[in-house]
Amino acid sequence: MKNFETLLWEQDGSGVGVLTINRPKAMNALNDKVFVELQEFIDTINNDQSLRALIITGTGDKAFVAGADIKEFADFSSEEATKLSLRGQNVFQQIEELGIPVIAAVNGYALGGGLEFALACHIRIASPNAVLGLPEVSLGLIPGYGGTQRLPQIVGKAKALEMIMSGRFVKAEEALSIGLVSKIAEGDILEEARGMVKPMLKQAPLAITKAIEAVKESGKTNGFEHEANLFGDLFSTADFKEGTQAFIEKRKPEFQGK
Ligand code: CAA
């Protein structure tokens, strides 16, 4: 992996990578450079078979990501703003569509585009000091990086609109109670995120990929059909043969990701 200006990268021997958004002076806000580098990062990991899970966090203990960089878009025209929104949506969609588990380790403020980033991840875990919200209305805006679409899927329409229309901040305990995060870390958040990923690493990698793809279609008209097709696809994989054979032979499966 190349060295980035706004991203830090670390991958351990078990294939778990930690991506850290690194703009501490701006609370890790997402400027143009971050998005350019995120795209390069995604292009690189898409060709990396050794990566089995991705944890995303922010530098320091104050912020995950405090949103889109407000100073950068303050003078934008409507056309420029629409482009900014589409680019952010596109990058976050690619994160959501990665075929490996993606966990957001929300280690402080996750606001606006920062919460939208975390919403694009498959699972969210929060530190006790995490603060989550979509405060765009306080800037005369609405969320523009997918927040109006993903938040209702996770917490329901009424709760999502209540959060979006008030712009209020939600603390870790409340985030847990509304299903916005799956867990509050009691100790080191990255260790706990790694612990969450560990049982997933033991499973058939292609099944994980198809599960992500199938769940993404939930609620859509062709969701059930999609599930059946993906289910069928897996029957032609070596890992399916190994998994079923291992069950019959009462041993642990050894998956190859094929
Ligand atoms: N964009 C640009 N700079 C930001 C930023 C952001 N989203 N959030 C924080 N910063 C900068 C501050 O301007 C400040 O910089 P200076 O030292 O140069 O003044 C630095 O980070 C530290 O921030 P604060 O001094 O404000 O720190 P604090 O602890 O008092 O407050 C905070 C922290 C509550 C996160 C506050 O910074 C804040 O409210 N930030 C903005 C949150 C926000 O509105 N996010 C939504 C952005 S819009 C968006 O994301 C649109 C979209 O959907 C695509």
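The values are calculated or read from the model by the stated rules, or taken from the named source; none is laboratory data. In this text the structure is predicted, and so the values were computed from the model without any measurement. Positions of Cβ are generated from backbone atoms using ideal geometry, with glycine treated the same way; all protein chains shown enter the neighbour counts. Only protein heavy atoms, including side chains, enter the accessible area calculation; ligands, DNA and RNA are left aside. Shrake-Rupley method; radii C 1.70, N 1.55, O 1.52, S 1.80 Å.
Annotations
- Enumeration of residues in segment 43-80 that are among the small types (Gly, Ala, Ser) and more than 24 Å from residue 208 (Cβ to Cβ): 58, 60, 63, 66, 67, 68, 74, 77, 78
Let's see how each residue does on (1) more than 22 Å from residue 144 (Cα to Cα); (2) outside any loop (DSSP other than H, G, I, E, B); (3) at pLDDT below 95; (4) more than 16 Å from the ligand (Cβ to nearest atom):
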residue: 19; (1), (2), (3), (4): yes, yes, no, yes
residue: 47; (1), (2), (3), (4): yes, no, yes, yes
residue: 71; (1), (2), (3), (4): no, yes, no, no
residue: 82; (1), (2), (3), (4): no, yes, no, no
residue: 91; (1), (2), (3), (4): no, yes, no, no
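- Among the residues of segment 107-131, those that are assigned to a strand (DSSP E or B) and either within 13 Å of the ligand (Cβ to nearest atom) or among the basic types (Lys, Arg) (or both) comprise 109, 110, 111, 124, 131.
Conditions (1) within 14 Å of the ligand (Cβ to nearest atom); (2) part of a helix (DSSP H, G or I); (3) touching a residue at least 40 places away in the same chain (Cβ under 8 Å); (4) assigned by TED's automatic domain parsing to the domain that holds residue 212, marked per residue:
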{"site": "54", "(1), (2), (3), (4)": "no, no, yes, no"}
{"site": "60", "(1), (2), (3), (4)": "yes, no, yes, no"}
{"site": "88", "(1), (2), (3), (4)": "yes, yes, yes, no"}
{"site": "100", "(1), (2), (3), (4)": "no, no, yes, no"}
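Residue by residue, here is whether (1) within 13 Å of the ligand (Cβ to nearest atom); (2) more than 19 Å from residue 64 (Cα to Cα); (3) under 20 Å from the mean Cα position of the chain (by Cα) holds:
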| position | (1), (2), (3) |
| --- | --- |
| 133 | yes, no, yes |
| 145 | yes, no, yes |
| 150 | yes, no, yes |
| 158 | no, yes, no |
| 166 | no, yes, no |
| 174 | no, no, yes |
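- Within segment 21-45, the set of residues being open to solvent by 20 Å² or more (accessible area, probe 1.4 Å), more than 13 Å from the ligand (Cβ to nearest atom) and either touching a Gly at 6+ places or on another chain (Cβ under 8 Å) or part of a loop (DSSP other than H, G, I, E, B) (or both) comprises 22 only.
- Test for residue 183: is it over 30 Å from residue 257 (Cα atoms) and in the same structural domain as residue 100 (by TED's automatic domain parsing): no
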